[in-house]
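Please treat every number below as a calculation from the coordinates, not as lab data. The shown structure was predicted, so the numbers you read here are calculated from the model rather than taken from an experiment. Note that each Cβ is placed from the backbone with ideal geometry, even for glycine, and that neighbours are counted across all protein chains shown.
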Amino acid sequence: MDCNICPRNCKVNRTQTPGFCGMSNNLKLSKVGKFEWEEPVISGTKGSGAIFFSGCNLKCVFCQNYKISSEGFGREITVERLIQIFKELENQNVHNINLVSPTQFSEQIIQALQIYKPKIPVVWNSNGYENVSEIKKLQGLIDIYLVDCKFKNSELSKKYCKAENYFEVNAVCINEMLRQQPAVILDKENIMQKGVIIRHLVMPNCVYDSIDILKYLTSIYKDNFLLSIMGQYTPFYRAKDYPEINRKLKPLEYKMVINKAIEFGLNEGFVQDLKSATEDFIPKFDLSGV
């Protein structure tokens, strides 16, 4: 079957040749286990049960997880093994099952969730560059969407992610995610049970694009989601080839974005500390739990 599950529509038979994402048709994981560095409503006190999938359909030049996204590190598993991993994580008493970078394996994940739906919330943690037809198939299977909104400007998304139509695609996907999960629901411990979190990573020399994104989110989605503004940008992977982003954020840049979020009334959510711009929070991809 020719692959068209993401906007790349590379039409590759992934049983024979890797797709644009670098992956075959077999599920591939790089790490499984408790993860404590997501938003507080996701990680809570017990951690999030993270499943890190290998491969990616974006080609971000600044990717901090390039070892698995671009270099393809990981181990192939079966759908049956994925179901077993769901159960193992549940037994570790985590708050949720966190599917990290799942887009390229959406069909296999859907198959697994149709066989066994965990008793705890399932999180779709994605880059937001997805076919809305695939997101629609997730209805009833996904409780929380944790989705990126990276760039609004097509020149920036083309230059840094090799996806000129990123925002056009992203906006449609977020609309569908919010249709499925239109309200943020927390339990008595303030742990998210349902809803949408929209993440935005602020980048050097991209402040005005960040502000355009915040303005858009305010005008379209109002307050039925949580906003997560991230200041963890650190120049990884090929960022050295792009001098304008080959540095950490300046405090003034970050402050400008945060102040605009407040001005626009986007008060529900999270603001990351600039001290998070370090390698300490990047998982060690070592096949543990796979």
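Okay, here's what the table says:
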quantity: Residue in the range 51-68 that is more than 22 Å from Asn127 (Cβ to Cβ) and touching a residue at least 12 places away in the same chain (Cβ under 8 Å) present; calculated: no
quantity: For Ser30: the one exception among (1) part of a loop (DSSP other than H, G, I, E, B); (2) more than 15 Å from the chain's Cα centre (by Cα); (3) within 17 Å of Asn125 (Cβ to Cβ); (4) of a type outside the set (A, V, I, L, M); calculated: (1)
quantity: Near pairs, Cβ below 8 angstrom, 6+ apart or cross-chain, from the range 5-24 (surrounded by fewer than 17 Cβ atoms within 10 Å (Cβ to Cβ)) to any residue that is not in a loop (DSSP other than H, G, I, E, B); calculated: Lys11/Asp2; Asn13/Asp2
quantity: Segments classed as helices (runs of 4 or more DSSP H), wholly inside the range 52-128, with at least 1 members that are closer than 18 Å to Leu287 by Cβ and among the hydroxyl-bearing types (Ser, Thr, Tyr); calculated: 66-69
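For (1) within 24 Å of Lys159 (Cβ to Cβ); (2) free of Cβ contacts under 8 Å to residues at least 60 places away in the same chain; (3) under 21 Å from the mean Cα position of the chain (by Cα), each residue gets a yes or a no:
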{"residue": "Ile220", "(1), (2), (3)": "no, yes, yes"}
{"residue": "Thr234", "(1), (2), (3)": "yes, no, yes"}
{"residue": "Glu244", "(1), (2), (3)": "yes, yes, no"}
{"residue": "Ser288", "(1), (2), (3)": "no, no, yes"}
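A quick yes/no check of all residues on (1) over 19 Å from the mean Cα position of the chain (by Cα); (2) assigned to a loop (DSSP other than H, G, I, E, B):
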{"site": "Phe151", "(1), (2)": "no, yes"}
{"site": "Cys173", "(1), (2)": "no, no"}
{"site": "Glu189", "(1), (2)": "yes, yes"}
{"site": "His200", "(1), (2)": "no, no"}
{"site": "Ser210", "(1), (2)": "no, no"}
{"site": "Ile213", "(1), (2)": "no, no"}
